[in-house]
Amino acid sequence: MISFHLLHFVYPIRDRQGHQISGPPWIWANGHMIDKFLDGRVKSKEWRVHGAVYRIWSCGIPEMVITTPEDVRAFHSDSDQHEKSPSSNGGWFFHQLLGDCMGLINGSRWKSVRGEFQHAFTHRAVMNMSSSISQYACDYVNDICSKSSDPMTVHAASALAEFPFFCTAEAVYGPLSGGEKDELWALGQRNLALMRYVLAGGIYRFAICRLFCTSAAKELDAFRRDWSAFNERIYQTRRTSSSTVLIVSIWRLVKDGTMKECEGLQTISEMLFANLDVSSHALTWFVTLLAENTEVQQRLQEEIKSSKVRGAISEEFCNSKHGLLRLCWLESLRLRPFTSFAIPESSPSPKILGGYQIPANTSIVVDTHSVNIENSLWGADTHHFRPDRFAGIKPAELRYNFFAFGFGTRKCLGQHFAESMLKTFVAHLLDKYTVSMSSSSKPSNAGDYDLTRDSWVPTSNVHLILSKL
Ligand code: HEM
């Protein structure tokens with residue numbers, strides 16, 4: 001009944017013939033918010049029966065899902081004027097954690113926060129960091145080697161997650177001591193634990209939860225206090241010796257009131273904690289897909305071997321925009337986008353999408369699985385890992401046919417950094433090991449691997465065998 005009421009009277013959306021937009025029925029009490037994140041791949045397939053454009057709900061907020069490159073293009077034609085939906089339609093608890101981060105604020109506020117972080121992640125800045133990224137990747141792989149026998153079986157996500165996390169953290173804070181790393185990791189785990197209230201939804205979507213859910217509110221307050229104190233402490237230890245480190249310039253702005261503390265803290269939280277899942281998802285699949293495709297892996301190992309300069313892997317090789325390493329990176333991003341449903345955003349103008357008249361300021365979500373996989377551009381073998389497909393595609397063709405770092409003007413701040421960091425890691429890993437799938441990690445009958453469901457980006461729950469070369 002509620003669904004019927006919302007659908008027909010509160011948010012009517014029709015095509016030219018007056019037909020109402022379709023979509024899965026509204027679910028008490030969170031709508032489709034949980035399904036969208038935790039079961040995205042399955043739901044993307046299931047919901048496509050509702051057409052190329054359909055409606056889902058984040059609690060009581062309607063979100064229009066678009067699935068075709070044509071609609072992605074039409075929607076993004078004015079992307080410089082788009083706004084991210086407030087707190088991603090995630091409700092009050094989510095707002096307390098990330099509502100003021102760079103990725104979710106708009107207009108002049110976004111411009112000024114992005115302007116303060118941007119310089120540290122330009123392509124040039126990342127190239128300047130590439131020798132420390134390479135050293136860190138090499139040390140991380142050597143550390144795996146020293147830990148166990150040969151061959152060894154590792155849980156992919158657990159063995160790999162710390163690499164992108166600390167590599168990104170050192171881009172923000174400079175070199176971290178062992179104690180600082182432990183503290184930061186523990187804060188990340190507390191942040192992750194708080195996400196369970198966001199995923200629970202219901203009362204946590206409203207400020208009233210402060211009154212009724214006092215233990216959750218206390219956990220949140222304690223985390224925010226300790227997160228602020230950590231950044232203050234790091235700032236104090238870096239401000240004289242490493243004045244060019246990003247935290248020093250950002251925290252100075254927070255201290256002098258130019259940037260709000262919540263913007264500074266939540267943006268760093270977005271880059272480290274929210275990203276822990278995103279980057280480790282990308283790395284885990286990058287390695288897993290190579291483990292599954294031994295022929296491609298062997299070719300890549302040959303490429304790595306022949307590119308070495310005086311016996312060492314060169315930064316030029318890791319950062320090259322040509323060659324199999326880059327093609328493998330793109331193909332793994334295509335097949336395993338970190339989310340099946342992109343972050344909701346709206347245009348200030350009405351749009352015609354899939355024949356429906358969508359009012360201005362309606363939240364639009366791109367079904368990334370449809371665009372990256374169920375899309376005729378990718379051909380009959382779209383479900384297969386075939387990196388060479390990218391060799392024959394012009395960058396302009398990818399624009400609305402490939403979701404990786406966003407479509408519009410709000411592209412990922414860390415895209416150059418993420419690419420450099422993860423390609424460098426894979427080059428060092430395959431220089432030392434051949435990677436294969438453990439027999440315990442075969443896909444289920446449904447065709448997919450078991451996924452973890454304890455974070456907003458379900459990562460693969462696979463085991464890999466690393467055999468020394
Ligand atoms: C493979 C890893 C990564 C992927 C796939 C990824 C993907 C994305 C996507 C899709 C967006 C949203 C873009 C949009 O809405 O148009 C985004 C935003 C963002 N990402 Fe990443 N990201 C990755 C790694 C990183 C890293 C390592 C950092 C840290 C520097 C980072 C920082 C950010 C920030 C701050 C934003 C908000 C940008 C803005 O709104 O201006 N990301 N990312």
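The values are calculated or read from the model by the stated rules, or taken from the named source; none is laboratory data. If you're wondering where the values come from, they're calculated on a predicted model, not measured in any experiment. Glycine also receives a Cβ, built like all others from the backbone with ideal geometry; neighbour counts cover every protein chain displayed.
Things to note:
- No other residue among SER134, SER177, SER146, SER158 is in contact with an Asp or Glu (Cβ under 8 Å, 6 or more places away or on another chain) and more than 30 Å from GLY31 (Cα to Cα) apart from SER134.
- Members of the stretch 21-51 found to be at pLDDT 85 or above, outside any loop (DSSP other than H, G, I, E, B) and closer than 17 Å to ILE364 by Cα, listed by number: GLY31, MET33, ASP35, LYS36, GLY40, LYS43, SER44, TRP47, ARG48, HIS50
- Of all residues in the stretch 355-384, those satisfying the criterion of being within 16 Å of the ligand (Cβ to nearest atom), of a type in the set (A, V, I, L, M, F, W, C) and either out of contact with any helix residue (DSSP H, G or I) (no Cβ under 7 Å at 6 or more places or on another chain) or within 16 Å of PHE402 (Cβ to Cβ) (or both) are VAL365, VAL366, VAL371, ILE373.
- Residues located in the stretch 268-284, provided they are over 15 Å from GLU170 (Cα atoms) and either of a type in the set (Val, Ile, Thr) or free of Cβ contacts under 8 Å to residues at least 12 places away in the same chain (or both): VAL278, THR284
Residues are listed down the side, and each one gets a yes or a no for (1) surrounded by 15 or more Cβ atoms within 10 Å (Cβ to Cβ); (2) in contact (Cβ under 8 Å) with a residue 12 or more places away in the chain:
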position: PRO69; (1), (2): yes, yes
position: SER77; (1), (2): no, no
position: ASP80; (1), (2): no, yes
position: GLN96; (1), (2): yes, yes
position: LEU104; (1), (2): yes, yes
position: LYS111; (1), (2): no, no
position: ASP143; (1), (2): no, no
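- Looking across the stretch 394-403, the residues that are surrounded by fewer than 18 Cβ atoms within 10 Å (Cβ to Cβ) and either within 16 Å of the ligand (Cβ to nearest atom) or in a helix (DSSP H, G or I) (or both) come down to PRO395, ALA396, GLU397, LEU398, ARG399.
- Meets criteria (on the phi > 0 side of the Ramachandran plot and within 15 Å of the ligand (Cβ to nearest atom)) for GLY406: yes
- Candidates GLU232, GLU219, filtered to the one that is of a type in the set (Asp, Glu), in a helix (DSSP H, G or I) and closer than 27 Å to CYS412 by Cα: GLU232
Residue-by-condition table, conditions (1) over 30 Å from ASP35 (Cα atoms); (2) within 16 Å of the ligand (Cβ to nearest atom); (3) of a type in the set (A, V, I, L, M):
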site	(1), (2), (3)
ALA291	no, no, yes
LYS308	yes, no, no
SER314	yes, no, no
HIS322	yes, no, no
GLU331	no, yes, no
ARG336	no, yes, no
SER346	no, yes, no
LEU353	no, no, yes
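- Of the criteria (1) touching a Leu at 6+ places or on another chain (Cβ under 7 Å); (2) assigned to a helix (DSSP H, G or I), which one TYR140 fails: (1)
- Top-ranked residue of the stretch 410-449 - restricted to ones that are part of a helix (DSSP H, G or I) and of a type in the set (D, E, K, R), ranked as nearest to the chain's Cα centre (by Cα): GLU419
Per-residue answers, yes or no, for (1) in a helix (DSSP H, G or I); (2) in contact with a helix residue (DSSP H, G or I) (Cβ under 9 Å, 6 or more places away or on another chain); (3) within 16 Å of the ligand (Cβ to nearest atom); (4) over 24 Å from GLY31 (Cα atoms):
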position: TRP57; (1), (2), (3), (4): no, yes, no, no
position: PRO62; (1), (2), (3), (4): no, yes, no, no
position: VAL72; (1), (2), (3), (4): yes, yes, yes, no
position: SER77; (1), (2), (3), (4): yes, no, yes, yes
position: ASP80; (1), (2), (3), (4): yes, no, yes, yes
position: SER87; (1), (2), (3), (4): yes, yes, yes, no
position: PHE93; (1), (2), (3), (4): yes, yes, no, no
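- Qualifying residue in the stretch 330-346 (condition: more than 21 Å from the chain's Cα centre (by Cα), buried (at least 17 other Cβ atoms within 10 Å of the Cβ) and touching a residue at least 40 places away in the same chain (Cβ under 8 Å)): no
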